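Data block below; observations after.
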Amino acid sequence: MKTLVACLVLLLLLSFNHAEAKDYVIGEGDGLDISVWGVKDLSTQVRVRPDGKITMPALGDVTASGLTPLELQNALAAKLQNLVKKPIVTVSVREITNSKVYIFGGGVKSGVYDLTRRTTLLQLLCSIGEIKVADLRRAYLQRGDTKIKEDFHRLYILGDMKDDIPLEPNDSLFIPQLYDKSVYVLGAVNAPKAIEYREGMKVMEAILEAGGFTKFADQNGVTIRRKNNKREEVVTVRAKALMYDGDLKQNVALNPGDYVVVKESLF
């Protein structure tokens, strides 16, 4: 529910500027309208070439890629001072082709997303469709050679807006597939089984769904075995302390692929 509300709010905000977003940076392939006030022959429509340059009347080749429209305006005005008295230049981006974000990894449909407006990570996640088989905990956002954001779970599932960040052109989102979507309950339970993982599932919930403890179970001998960055982690659960003493911290949250093992008592 939190995710749905967050997505709806963010989609409504798409038409507004992001307060911390950077000014648009011109890139290769963008179409520009350039006007020189009072000098019609110098006003033109151009497209930024693969080498990052545009061709201007009377000026020839001028570098445009990597500049904001305001920076290009100032650069053109400075170059035109020998031709026009106090030139007033306006640059507007007619067509954006440079602002793209690349999505891959198998957890969602791979593709290229056009940033036609200022967009945050959560806004993009809300717009790319079904992510039920995506492993958000192993997902990351890469910018250049640096991973600037890892683990989208708190943002998308828990609605923690502090984890949201604005996207930039050429960002790459890696969203892998969630291969194991089950929790396995084994040992001294009445119906050992694999249970489809549900968000927020706790260890006692899984044990009860597996028929509960047998009369031979060691209720303080429950362990959770999970892989954490390819290393096996073992978490001990004192279920008896949870049930009889109300120690809620023993009701550990589970992850997909966890194995819950209930030992038998020696007595």
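The values are calculated or read from the model by the stated rules, or taken from the named source; none is laboratory data. Source: prediction; values computed, not measured. Every residue, glycine among them, receives a Cβ derived from its backbone with ideal geometry; neighbour counts consider all protein chains shown.
Of all residues in region 164-182, those that are modelled with pLDDT under 90 and either of a type in the set (S, T, N, Q) or over 20 Å from GLY107 (Cα atoms) (or both) total 4. Could you tell me whether any residue of region 71-82 is assigned to a strand (DSSP E or B) and not hydroxyl-bearing (Ser, Thr, Tyr)? Checked against the condition, which is being assigned to a strand (DSSP E or B) and not hydroxyl-bearing (Ser, Thr, Tyr), region 71-82 yields no hits at all. For region 29-67, the candidate set comprises residues that are touching a helix residue (DSSP H, G or I) at 6+ places or on another chain (Cβ under 8 Å) and not in a strand (DSSP E or B); within that set, the residue that is nearest to LYS79 (Cα to Cα) is LEU59. Selection within region 208-236: residues that are touching a strand residue (DSSP E or B) at 6+ places or on another chain (Cβ under 6 Å) and aliphatic (A, V, I, L, M). The member of this set that is nearest to TYR259 (Cα to Cα) is ILE224. Consider only pairs whose beta carbons are under 6 Å apart and that are at least six residues apart or on different chains; among these, list those whose first residue lies in region 122-140 and is on the phi > 0 side of the Ramachandran plot and whose second residue is of a type outside the set (A, V, I, L, M, F, W, C) and surrounded by 15 or more Cβ atoms within 10 Å (Cβ to Cβ). As it stands, the answer is none, since no pair meets every condition given.
With respect to VAL93, determine if the residue is over 12 Å from the mean Cα position of the chain (by Cα) and within 30 Å of ILE34 (Cβ to Cβ). Criteria met by VAL93.
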